[in-house]
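Worksheet: the structure to be examined is printed underneath.
Please treat every number below as a calculation from the coordinates, not as lab data. Values in this document were obtained by computation on a predicted structure and should not be read as measured data. So basically every Cβ, Gly included, is an ideal-geometry build from the backbone, and we count neighbours across all protein chains shown.
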């Protein structure tokens, strides 16, 4: 369908090319565009932490049989511990306000229905509006995006993160995503803009008290491949992670 090696990191280019080839074989003209969103679109792909997020668009909604076949084809995009997520949408889904589903935690990864896809959110719409990476189809889709809707959605997601049980948070691979997702949601809620997780973590350094800055820097470093931590042990890191989540949540939620 297209040569995409120059658009995405080498680590995932082959996965995406195989998926696009199978989509072409299965769906032909029914699929009119494929966009990379998430970390791939924002230039923040992390081999440690990122999955592959795609939006697949066409004029007609896919029937159940084709949806199931495309969902199975999505296996080409899966990585160990990082299953891919694909939003199969019509142009109408993308272009009209109020048709986005995907509330906090809603849907199943890779689902073929736009109504349940976890990517059918104001955050994905903002990326499609501002930073789309067209793997197939038009470079700039017509997207319904409301910054106020993004702020409200991000505030709701942030409230969920602050309230939920954090789990053990012993390993850095669990701490870093929590800290950086909180930072990104806080930035979106405060500014109506979507930053990459690394950029949001760096920006949040200016928002928090000095004692909480280390966990942000450590989390960005881990995402970018740092081998060593700024912490001697996991419990101090967990304490700071929970503290910065509460602080950033307080800035937004009051």
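Structure values in brief
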| quantity | calculated |
| --- | --- |
| Ascending count of other beta-carbon atoms within 10 Å, so fewest first, for 12, 55, 209, 34 | 209, 12, 34, 55 |
| Euclidean distance of C-alpha centroids, the stretch 183-254 and the stretch 127-158, integer Å | 23 Å |
| Sorted peptide list for 243-249, 166-172, criterion being average Cβ within 10 angstrom, highest first | 243-249, 166-172 |
| Simple spin-label estimate for residue 30 and residue 92 in nanometres, 7 Å along Cα-Cβ | 1.7 nm |
| Beta bridges by DSSP in the stretch 10-144, antiparallel share as percent, to the nearest 5 | 60 percent |
| Radius of gyration and maximum dimension Dmax of the stretch 148-253, Cα, Å | 12.7, 41 |
| Of (1) 7, 30, 38, 20, 4, 1, 0; (2) 7, 31, 34, 20, 7, 0; (3) 7, 29, 28, 18, 11, 5, 1, 0, the label for P(r) over Cα pairs in 10 Å bins from 0, in percent derived from the coordinates | (2) |
| Cα-based helix-to-principal-axis angle, 213-223 vs the chain, degrees rounded to 10 | 40 degrees |
| Peptide ranges 212-224, 58-70, 152-164 listed from the most packed, as the mean C-beta count within 10 angstrom indicates | 212-224, 152-164, 58-70 |
| Residue 48 paired with residue 140, simple spin-label distance in nm, labels 7 Å along Cα-to-beta-carbon | 3.7 nm |
| Convex hull per residue volume in Å³, alpha carbons only, for the stretch 10-144 | 97 Å³ |
| Helix 10-27 vs. the chain, principal-axis angle (Cα, 0 to 90°, nearest 10) | 30 degrees |
| Value at 222 nm in deg cm²/dmol, rounded to 500, when DSSP H runs of n ≥ 4 in the chain each add -39,500 (n - 2.57) | -15000 deg cm²/dmol |
| Principal-axis tilt of helix 147-163 within the chain, Cα atoms, nearest 10 degrees | 50 degrees |
| Length-normalised contact order for the chain - Cα pairs under 8 Å, 6+ apart - percent | 17 percent |
| Neighbour-count ranking [beta-carbon atoms within 10 angstrom, fewest first] of 228, 121, 191, 71 | 228, 191, 71, 121 |
| Chain lengthening between residue 205 and residue 63 when straightened (0.36 nm per residue, less Cα-Cα) | 46.4 nm |
| Packing rank of 183-190, 142-149, where each peptide gets the mean count of other beta carbons within 10 Å, highest leading | 183-190, 142-149 |
